[in-house]
Amino acid sequence: MRIVIKNGRVIDPASGTDDRLDVVLSGGRVEAIDRNIKTSAEDEIIDAEGSLVLPGLIDMHVHFREPGREDVETILGGSMVAAKSGFTSVCTMPNTTPVIDNQALVRFIIMEAAKGPINVFPAANITKGGKGAEISEMGELIKGGAVAFTDDGMPVTSSITMRRALEYSRMFGAPILSHAEDKSLADEGLMNEGLNSIRLGLKGIPREAEEVMIARDILLARLTKGKVHFCHVSSEGSVEIIRRGKNDKINVTCETAPHYFSLTDDEVEELMSMAKMNPPLRTENDRRGIIEGLRDGTIDVIATDHAPHSPNEKMQEMEYAPFGIIGLETSVPLIITELVRKNNFSYLQAFAKVTCNPAGILNLDRGVLKSGGHADITIVNPERKIKVDEQFLMSKCKNTPFTGRELFGSIEYTICNGKIVYRRG
Amino acid sequence: MNALNRKDLLDIKSLSPEEILLICDTAKYFKDVFTRDVKTVPVLRGKTVCTLFYEPSTRTRLSFELAAKMLSANTINVPVTTSSVVKGESLIDTVRTLEAMKADYIVMRHAASLAPHFLSKNIDGSVINGGDGFHAHPTQALLDTYSIIEKRGTLKGLHIGIIGDIKHSRVARSDLLAFKKLGAKVTLCGPSTLLPDEFEQYGVDMTYDFDELLPDLDVVNMLRIQRERQQGSLFPSIREYNLLYCLTEERFAKCKSDVIIMHPGPMNRGIEIDDAIADHPNSIINEQVTNGVAVRMAVFYLLAGGTPFKDEENQEA
């Protein structure tokens, strides 16, 4: 049976297409993209009038907590939240318990994901046990299905280990996803170091804790010709350093998260642990820097760093609560509200960050809309408002600073490998 | 509601200058009460005050407890250590248990900044902040303010120096807010590692040079230096700290003759303040402790809905 998506505004950042076109899906593939496609009685017809028809979205940085913390989230549960949020592909971070540093665990994730609605691409650890000492068996991990390497949550402190990881991963073309943080400089801080941290008496994390590691890893990428991608960039200075690295033709890419272009550390006093994440929310100047980095292409990707934590863990004194917020469900609404509506991003520009750009970095054959390609499609109504509340949030954990906000952009359909995996109820 | 129009006392930031003066005026009345022979008044009869201290403290907890007892409240003390929290019951659950036992007022000290603010959002009872992390210590600032008013009648036009580890001091943060609100000029002084530039946001002066500052001060408020800061490389040695920032007899000689010497306690004698100065007639350090009880009585009284005392002599300009 064919699915025909009629009357939508097709946005395909990879080809620069922004046009009113129909899309035909069949057998898990895109059969045709054209004007006024003839339909037959057997076709399932989706009227996408007023909506954007996008390549299935990709979130290249999520935590699904399985194995180890299935009480908080699972691969299946997280995949369902992703589908509801318009994402047809995610890259899962390996800082689970145990960490993903061997092929059996990579296969476990892929097997669990097969029960779910979307494509899950696991990242595996850079180092054995995530301990930052010996590099993991990258060749075997890649054969098992890993698409990238990261010790996310913990930086690779040793420069020589990072050098070896960049050198060794080169032969597989897989990126090293760097969680850039100088832990000694971060000094167990809880929020951005600045006026607010001083006022609130909370230990600060200077932006330089992020920036020195970004500078180091760019230099190591230059040395090794390895492929480094920076996770969750949060400061204007980081954007500047990466911009320079790109100008110097070093193989560097990066992502930011929606909260870094939507919020600042002014929110911490009111939201406390709900505004606690690592790296922390920075200042308005940084927020502007992140937006400009997205605009000029220095920042390639928007990824959520979706990090579920149980209510009990978050409902604590800010100092004891864990870092991290959920992000999948608010990602598209924040991209539309903050970038397209408030900062005049074109849809092509904004959605490249969650389609072809992450696909390119992770070497995925996804994130594009083309005849013969995978039938991964996300249909978004950019004019329809959503309200972030208990009812809207499907995620088991509700740790988000956006509760109560009304945002533009509702997911109408998510189609993955030709199957409708989410339809707005 | 009550004359303070709030259920909690969390910080100085949220108090208006008028409210600070109201608390000080009320404290004056209670100081008269508790320096007489029969010290109790029935303001909080039948009410329960619970002191919940997640950080060791003697004087602040005793001061609150005494204040509550003199107002005829039932008092319970729940001593908790940080370690038992980490492995045990959450703060919210602990306090809900106390609420279930009908505690009317929770006085909390906590090592984590904003813990009382977090608590107040999640319980119905009244929360009084007895000091949270590096953030706030409102009753200390109120008693310091009261103590200065008692000596000088007003804070307007006074130059107050706060000296020591500003960065890690909740007393400094609350004091400077209260002093500024009542029109004093405030200068912060300490080593550069303990005096971040971000304090400029408060509209205070800052200096590293204690000797240059001293002759101009009307009030010298010395802070306790935590020895463990030295291990974090924030200053090279206690000896060097003492050399640069101790209020010695030699330094005291440069002060105005009517200078007021304060310290929130407990003091490190011989480290940030010399014996002779701590016990000098210009020092009001013991008076501060007495005033602490009066100020905390005033806070309980006003939060309990007590009306301001009309006292002709008690007008603060």
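The values are calculated or read from the model by the stated rules, or taken from the named source; none is laboratory data. Just so it is clear, the structure is predicted and the values come from calculations on it, not from any experiment. Because the Cβ atoms are built from the backbone with ideal geometry, glycine has one as well, and the counts that use them run over all protein chains shown.
Determine, yes or no, whether A:Thr264 is away from chain B (no Cβ under 14 Å) and of a type in the set (Val, Ile, Thr).
Details: away from chain B (no Cβ under 14 Å): yes; of a type in the set (Val, Ile, Thr): yes.
Yes: the conditions hold for A:Thr264.
Of all residues in the range B:187-206, those that are away from chain A (no Cβ under 13 Å) and modelled with pLDDT of 95 or more have Cβ atoms under 7 Å from Cβ atoms of residues that are part of a helix (DSSP H, G or I) and surrounded by fewer than 17 Cβ atoms within 10 Å (Cβ to Cβ), 6 or more apart or on another chain, in B:Pro191/B:Leu244.
In the set (1) free of Cβ contacts under 8 Å to residues at least 40 places away in the same chain; (2) touching a Ser or Thr at 6+ places or on another chain (Cβ under 7 Å); (3) surrounded by 20 or more Cβ atoms within 10 Å (Cβ to Cβ), the condition left unmet by A:Gly132 is number (3).
In the range B:79-101 there is at least one residue matching the filter, namely being surrounded by fewer than 20 Cβ atoms within 10 Å (Cβ to Cβ), in a strand (DSSP E or B) and away from chain A (no Cβ under 14 Å). For the criterion of being touching a residue at least 12 places away in the same chain (Cβ under 8 Å), surrounded by fewer than 20 Cβ atoms within 10 Å (Cβ to Cβ) and of a type outside the set (A, V, I, L, M), A:Gly425 fails. Of the helices (runs of 4 or more DSSP H) lying entirely inside the range B:208-317, those carrying at least 1 residues that are not assigned by TED's automatic domain parsing to the domain that holds B:Lys185 are B:285-303. I'd like to check something: does the range A:295-312 contain any residue that is assigned to a helix (DSSP H, G or I), within 14 Å of chain B (Cβ to nearest Cβ) and modelled with pLDDT of 95 or more? Checked the range A:295-312: no residue is assigned to a helix (DSSP H, G or I), within 14 Å of chain B (Cβ to nearest Cβ) and modelled with pLDDT of 95 or more.
Being more than 21 Å from the chain's Cα centre (by Cα), more than 25 Å from A:Glu140 (Cα to Cα), modelled with pLDDT of 95 or more and assigned to a loop (DSSP other than H, G, I, E, B) is a property that does not hold for A:Gly245. Against the conditions (1) in a loop (DSSP other than H, G, I, E, B); (2) more than 16 Å from A:Asn278 (Cβ to Cβ), A:Gly189 satisfies every one except (2).
Could you tell me whether B:Ser113 is buried (at least 24 other Cβ atoms within 10 Å of the Cβ), in the same structural domain as B:Pro266 (by TED's automatic domain parsing) and either touching a Ser or Thr at 6+ places or on another chain (Cβ under 8 Å) or not β-branched (Val, Ile, Thr) (or both)? Here the answer is no, as B:Ser113 does not meet what is asked. Tell me yes or no: at least one residue of the range B:168-180 is within 14 Å of chain A (Cβ to nearest Cβ), surrounded by 24 or more Cβ atoms within 10 Å (Cβ to Cβ) and part of a loop (DSSP other than H, G, I, E, B). Checking the range B:168-180: at least one residue is within 14 Å of chain A (Cβ to nearest Cβ), surrounded by 24 or more Cβ atoms within 10 Å (Cβ to Cβ) and part of a loop (DSSP other than H, G, I, E, B). Filtered by the rule that a residue be basic (Lys, Arg) and without any contact (Cβ under 8 Å) to a residue 40 or more places away in the chain, the range A:204-224 gives a lone residue, A:Arg222. Taken over the range A:41-65, the criterion of being touching a residue at least 24 places away in the same chain (Cβ under 8 Å) and out of contact with any strand residue (DSSP E or B) (no Cβ under 9 Å at 6 or more places or on another chain) is satisfied by A:Glu42, A:Arg65. Of the residues making up the range A:272-294, those that are under 25 Å from A:Val81 (Cβ atoms), outside any helix (DSSP H, G or I) and of a type outside the set (S, T, N, Q) are A:Lys276, A:Met277, A:Pro279, A:Pro280, A:Leu281.
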